[in-house]
Amino acid sequence: MESIGVLMTCEMHGELEEKLASRFKLFKLWNYPSFQAFSKTHANSIRALVVNTKLGADVNTIDSFPNLEIVSTYSVGLDHIDLKKCKEKGIRVSNTPDVLTDDVADQAIALALAVFRKIPQSDRFVKTAMWTSDYPLTTKFSGKAVGIVGLGRIGSAIAKRAAAFGCPISYHSRSEKPEAGPYKYYPNILDLAANSQVLIVACSLNEQTYHIVNRNVIDALGPEGVIVNIGRGKHIDEPELVSALVEGRLGGAGLDVFENEPNVPEELLGLENVVLTPHVGSDTVETCNDMADLVVANLEAHFLGKPLLTPVL
Ligand SMILES: O=CC(=O)O
């Protein structure tokens, strides 16, 4: 396999780079002055792309490599890959589901707790020696009505965790899930928002879910409501979210993802009712190692003519 050309589009987990370099002829796009400079010299050598949410495979990237056979993404999400183009050209695609589910669900609950219990603010209070008076009271999370947008693997893991906090769970998805047990299904996201105190976005991003959380959904959640987003920034109409938070039409937000990463709207930075993390839902050492193993295992399986472990296409 050492002669098989694999291109990483951007820097990822170090262990992934090491594993790929020890098995394949690894090219790192960031070591070249530009994409054009790379593809001009090496286009024919590339048989596999390893991409992530920062730099995926659009039509131009896919078309630039005539011998491309597989795109293996170091992510569960697929919105950064032109799947239609891959399908059309018979290019295989794999991702890294399951191994990251627990971490992303943990992050969703951590953000909800951080917003309600003001964890970052109270941490700052102690560290900046302000503890000369009592810290102001915060808001209870246990028992809050939690509405989950998207009850897939991650949404279900969030539901399980929130249920352990005594939260009644409702969800919205394309169709009702027979396996969702006691969770209440809302075919309309507006009704879900109107009946929730915390709205957690956990669906995949596609044409149907782009800006699924719009002004009407935000207003239905209301001034006491909190939005948590561990999906994609583009699930939420960000300018509407920002103005709702600034105007007090929404109670708070815990956000791990943003519409135009790594750019975060300036207004959010000064808001006390908002907790922000830099798209790190799955970023633990344990999970990143597992994701790296899965990326490599999918490539090995493909080039050995075996079934992919986690095929998308
Ligand atoms: O955002 C992270 C992922 O899709 O894995």
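Residue-by-condition table, conditions (1) assigned by TED's automatic domain parsing to the domain that holds Gly14; (2) away from the ligand (no atom under 16 Å from the Cβ); (3) open to solvent by less than 40 Å² (accessible area, probe 1.4 Å); (4) not in a loop (DSSP other than H, G, I, E, B):
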{"position": "Ile227", "(1), (2), (3), (4)": "no, yes, yes, yes"}
{"position": "Gly231", "(1), (2), (3), (4)": "no, no, yes, no"}
{"position": "Leu245", "(1), (2), (3), (4)": "no, yes, yes, yes"}
{"position": "Arg249", "(1), (2), (3), (4)": "no, yes, no, no"}
{"position": "Gly254", "(1), (2), (3), (4)": "no, no, yes, yes"}
{"position": "Leu268", "(1), (2), (3), (4)": "no, yes, yes, yes"}
{"position": "Asn289", "(1), (2), (3), (4)": "yes, no, yes, yes"}
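A single member of Ile4, Ile91 is of a type outside the set (Gly, Ala, Ser) and within 26 Å of the chain's Cα centre (by Cα), and it is Ile91. If the condition is being assigned to a loop (DSSP other than H, G, I, E, B) and within 16 Å of the ligand (Cβ to nearest atom), then segment 270-287 contributes Thr277, Pro278, His279, Val280, Gly281, Ser282, Asp283, Thr284. Restricting segment 71-95 to residues that are open to solvent by less than 20 Å² (accessible area, probe 1.4 Å) and hydrophobic (A, V, I, L, M, F, W, C), which is farthest from the ligand (Cβ to nearest atom)? That would be Ile91. Comparison of Leu111, Leu68, Leu55 shows that the only residue that is within 16 Å of the ligand (Cβ to nearest atom) and open to solvent by less than 20 Å² (accessible area, probe 1.4 Å) is Leu111. Scanning segment 147-188 for residues that are in contact with a Lys or Arg (Cβ under 9 Å, 6 or more places away or on another chain) and either in a helix (DSSP H, G or I) or modelled with pLDDT under 95 (or both) turns up Ser156, Ala162. Of all residues in segment 115-129, at least one satisfies being under 21 Å from the mean Cα position of the chain (by Cα), under 19 Å from Asn273 (Cα atoms) and either surrounded by 15 or more Cβ atoms within 10 Å (Cβ to Cβ) or acidic (Asp, Glu) (or both). Annotation note: Cβ proximity below 9 Å between a residue of segment 160-176 that is free of Cβ contacts under 8 Å to residues at least 12 places away in the same chain and acidic (Asp, Glu) and a residue that is in a loop (DSSP other than H, G, I, E, B) and surrounded by fewer than 19 Cβ atoms within 10 Å (Cβ to Cβ) (sequence gap 6+ or interchain) occurs for Glu176/Pro187.
Being within 18 Å of the chain's Cα centre (by Cα) and open to solvent by less than 40 Å² (accessible area, probe 1.4 Å) is the requirement here; does His235 meet it? When the stated conditions are applied, His235 passes them. Annotation: Asp98 fulfils all but one of (1) open to solvent by less than 60 Å² (accessible area, probe 1.4 Å); (2) within 16 Å of the ligand (Cβ to nearest atom); (3) within 18 Å of the chain's Cα centre (by Cα); the unmet one is (1). Taking every residue in segment 25-44 that is within 18 Å of Leu299 (Cα to Cα) and assigned by TED's automatic domain parsing to the domain that holds Gly14 and pairing it with any residue that is open to solvent by 50 Å² or more (accessible area, probe 1.4 Å) and among the acidic types (Asp, Glu), at least 6 positions away or on another chain, the pairs with Cβ-Cβ distances below 7 Å are Lys25/Glu2.
Counting residues in segment 207-222 that are in a loop (DSSP other than H, G, I, E, B) and open to solvent by less than 10 Å² (accessible area, probe 1.4 Å) gives one or more.
The values are calculated or read from the model by the stated rules, or taken from the named source; none is laboratory data. Quantities reported herein were computed from a predicted structural model and do not represent experimental measurements. Positions of Cβ are generated from backbone atoms using ideal geometry, with glycine treated the same way; all protein chains shown enter the neighbour counts. Note: areas computed on protein heavy atoms with side chains; ligands, DNA, RNA excluded. Shrake-Rupley method; radii C 1.70, N 1.55, O 1.52, S 1.80 Å.
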